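The values are calculated or read from the model by the stated rules, or taken from the named source; none is laboratory data. All values reported here derive from a predicted model rather than from experimental measurement. Cβ sites come from the backbone with ideal geometry, for glycine too, and all protein chains shown count toward neighbours. We work out accessible area using only protein heavy atoms, side chains counted, and drop any ligands, DNA or RNA first. Shrake-Rupley method; radii C 1.70, N 1.55, O 1.52, S 1.80 Å.
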Amino acid sequence: MARGARRTDPTVDALVDALERAGLRGHGGAYFPTATKLRAVAAQRGRPAIVVNGSEGEPLSRKDRFLLSARTDAVLDGVLAVAAALSADTVVIAVDGQRVKTIGRVQAALAARPELADGAGPAVEVVAVPAGFVAGQETALINFLNGGPAKPTATPPFVFERGLARRPTLVSNVETFAQIGRVLTGNYDASRWVTVSGAVAKTTVVAVGPATTVAGALNAAGGVTDPPSAVLLGGYGGVWAAAPDALELVLDEATLRTRGLTLGAGIVHVLGESTCAVGEVARITRWMACQSSGQCGPCVFGLDAIAGGLEQLCSSGARHRVEGDGERGAPAGLGQIERWCAMVVRRGGCAHPDGVARFVASALSVFAEEFSDHVTHGPCERCGTGASDQPSLLAA
Ligand SMILES: Cc1cc2nc3c(=O)[nH]c(=O)nc-3n(C[C@H](O)[C@H](O)[C@H](O)COP(=O)(O)O)c2cc1C
């Protein structure tokens, strides 16, 4: 039996098998097979470390703080089982430093775990990490935990090869660990946690099964407060889907992916008809451009240009414009914005620009009429009225 393992803990092979059979994929947004990642860490030389990613930089997500606060032991069950299987002696639970109460809850739950009493088990530390969209990207997180700025670093080496203190490191999302715990106790049923926000009665974290529809999730959040015009799936790096068809979509990641959609880190955000879609897309894109860590040209300049082009459509000086040629001083046309989106994909050190490009490209397609109307007639009367959920408010 591996050093530090409890008699009931699985070996790493048994854990990998169980996760493979369950088909568990990560809940941090990329949907990567958890068994593959675990196997890669276990195959490295040197004692591995574990980082529980609770950064939750996505403004429309609340599920990680919910799980850390209200399902703390379910998360810790998974974390400690993985630590024992990997013989990891170091675990960092990284939590957005603004979530002071959440940090306190996790620390209290750790103090009450019998497996960790009297210095037994791995050293588990809760670390407050900087807020910000890109700070939760795994190399940025590791760089911060290793004493650097919370900015992405070049790969390779990947974190599974050289991560925390240069050790092989498993970085997985908070929910992924909770789901690992469910797999090990036979309670995994492919349901997941989703944050439902926007034009609903109350922003709510709900458990959804693969057969739950978008409409079902909206009902679980108290129902819509404005007739939906579209639904944003997957958050600020996600994809828009037009209502009313979007309401019938089932919240099953594999099915959604066949249609070019994703739930990302578990986000369902509904846009009501009384909010200007063009204004909302411009506002979110500017926020995302400002989240760039400032290291890669396509991200710094490309996202700024895309956001600027979208903002022009909602500014009062933009009346009766035709498709611009994108030259300096000329307003960017929709074709130019589309081209800029295509140009930033896979050109950054991390996937941040890819997410923004995906978000904007889907908006240009789903809200084609609204965009074309803004190009021809300039801003509408709803432009700039603001969204129901400003990032800073939802994140609070
Ligand atoms: C720009 C960017 C931001 C990210 N932010 C988060 C985050 O806040 N929380 C998170 O768990 N993963 C985030 N990720 C994904 C992580 O890099 C990593 O893939 C994830 O933590 C792995 O966990 P999983 O395998 O359980 O999904 C982000 C990725 C990118 C590209």
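Just to be sure, is Phe160 open to solvent by 10 Å² or more (accessible area, probe 1.4 Å), within 12 Å of the ligand (Cβ to nearest atom), hydrophobic (A, V, I, L, M, F, W, C) and in contact (Cβ under 8 Å) with a residue 24 or more places away in the chain? If you could, list the steps in order and put the result at the bottom.
On the way: open to solvent by 10 Å² or more (accessible area, probe 1.4 Å): yes; within 12 Å of the ligand (Cβ to nearest atom): yes; hydrophobic (A, V, I, L, M, F, W, C): yes; in contact (Cβ under 8 Å) with a residue 24 or more places away in the chain: yes.
So Phe160 fits the description; yes.
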Worksheet item: List the pairs whose first member sits in region 133-152 and is within 16 Å of Ala49 (Cα to Cα) and of a type in the set (D, E, K, R), whose second member is open to solvent by 50 Å² or more (accessible area, probe 1.4 Å) and within 8 Å of the ligand (Cβ to nearest atom), and whose Cβ atoms are under 6 Å apart, counting only residues at least 6 apart or on separate chains?
Response: none
Discussion item. Can you tell me which of (1) assigned to a loop (DSSP other than H, G, I, E, B); (2) open to solvent by less than 30 Å² (accessible area, probe 1.4 Å); (3) at pLDDT 90 or above is the one Ile306 doesn't meet?
Written reply: (1)
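Hey, does region 238-246 have a residue that's closer than 28 Å to Val344 by Cα, within 16 Å of the ligand (Cβ to nearest atom), assigned to a loop (DSSP other than H, G, I, E, B) and open to solvent by less than 10 Å² (accessible area, probe 1.4 Å)?
Taking region 238-246 first, the residues closer than 28 Å to Val344 by Cα are 238-242, 246.
Filter once more, so that each one left must be within 16 Å of the ligand (Cβ to nearest atom): 238-239.
With the extra rule that they be assigned to a loop (DSSP other than H, G, I, E, B), the set shrinks to 238.
Filter once more, keeping what is open to solvent by less than 10 Å² (accessible area, probe 1.4 Å): 238.
Looking through region 238-246, at least one residue is closer than 28 Å to Val344 by Cα, within 16 Å of the ligand (Cβ to nearest atom), assigned to a loop (DSSP other than H, G, I, E, B) and open to solvent by less than 10 Å² (accessible area, probe 1.4 Å).
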Item to complete: Look at Ala88 and say whether it is touching a residue at least 60 places away in the same chain (Cβ under 8 Å), open to solvent by less than 20 Å² (accessible area, probe 1.4 Å), closer than 25 Å to Lys37 by Cα and away from the ligand (no atom under 15 Å from the Cβ).
Response: yes
Response to the item:
For region 337-351, the count of residues that are at pLDDT below 95 and not in a loop (DSSP other than H, G, I, E, B) equals 0
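For region 5-13, indicate whether the set of residues that are under 22 Å from the mean Cα position of the chain (by Cα) and open to solvent by 10 Å² or more (accessible area, probe 1.4 Å) is non-empty. Explain how you work it out, then say what you get.
Initial filter on region 5-13 (under 22 Å from the mean Cα position of the chain (by Cα)): none.
No, that holds for no residue.
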Item to complete: Identify all residues within region 16-35 that are more than 20 Å from the chain's Cα centre (by Cα) and either near the ligand (Cβ under 6 Å from one of its atoms) or open to solvent by 60 Å² or more (accessible area, probe 1.4 Å) (or both); write none if there are none.
Response: Asp17, Glu20, Arg21
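Of all residues being at positive phi and open to solvent by less than 40 Å² (accessible area, probe 1.4 Å) in region 352-387, which is modelled with the highest pLDDT? Just the residue, please. Lay out the reasoning, then the answer.
Applying the first criterion (at positive phi) to region 352-387 yields 378, 384, 386.
Narrowing the set further to residues that are open to solvent by less than 40 Å² (accessible area, probe 1.4 Å) leaves 378, 386.
Details: Gly378: 89, Gly386: 54.
My answer is Gly378.
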